[in-house]
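Report on the following structure.
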Amino acid sequence: MTERRFPPLQDDQWPESAAALKDSFATKLNVYRTMAHNPALLNAWAPLRQHVVLDNALGNELSEVAILRTGHRLGSSYEWSQHVHRARACGMSDSRINKVRGPLEGMRRDDATVARAVDELFYEKRLSPHTQQALVDLVGKDGMFDVIATVGFYSTLGYILNSCETPLDDDIAEALEEKPFDP
């Protein structure tokens, strides 16, 4: 196996220019420990993360649908596994989670609306007027923009994860080993 060029930074390697983030979200996940190879990016990322991850208009479940579908479209096993764990934590069943990576016809209506938006952004590079209206009806205008931002945010993370071959966090790997994903 080849050595990772940009492995997640350990605490003793943490860059001084990102010291303000050392005891925050940034040191809790390998994706951000990997991003810390570029401290300016990590510092700039923090306020956007606050909105996209915590303060969005989608609610926990629909946010997870958008993230899971994005992780699936990117082929990011890290994002998929991480967000299977998070989706379970907000009450989603393995069956529902699994359907997020399948055809729209097999999903709950609201999940399909969000998944359709993700697919359009990946393949058409825009939301159709029909999908925009469906999102506005489902989560409001702010929610429609938050879906777009979520796909962009997690696509960037997925590109970093896939490029750097970032390993899944130990606690998530252990949780999934204890309770394997069983669609």
request  = Using only Cα atoms, figure out Rg for the range 79-136 and give it as a multiple of 2.2 N^0.38 Å.
outcome  = 1.19
task = Would you work out the relative contact order for the chain, in percent, from Cα pairs under 8 angstrom that are 6 or more residues apart?
result = 29 percent
task = Project the alpha carbons of the range 126-183 onto their principal axes and report the range along each, largest first, in whole Å.
result = 41, 28, 17
remark   = Among Glu124, Glu61, Glu79, the residue with the largest mean-square fluctuation in a Gaussian network model of the chain built from Cα contacts under 10 Å is Glu124
message = Angle check, please: helix 39-49 long axis (alpha carbons) against the longest principal axis of the chain (alpha carbons), in degrees 0 to 90, nearest 10.
response = 30 degrees
inquiry  = Given the -39500 (n - 2.57) contribution per DSSP H run of 4+ residues, what per-residue ellipticity at 222 nm results for the chain, rounded to the nearest 500 deg cm²/dmol?
reply    = -19500 deg cm²/dmol
query = In what sequence, highest mean first, do 103-114, 62-73, 150-161 appear when ranked by Cβ atoms within 10 angstrom?
reply = 62-73, 150-161, 103-114
task = Over the alpha-carbon set of the range 12-95, work out the extent along each principal axis and list the three values in angstrom, largest first.
result = 44, 26, 20
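Bear in mind that the values in this text are calculations on the coordinates, not laboratory data. Every value quoted in this text rests on a predicted model; they were computed, and no experiment measured them. Don't worry about glycine lacking a Cβ; one is built from the backbone with ideal geometry, like all the others, and counts go over all protein chains shown.
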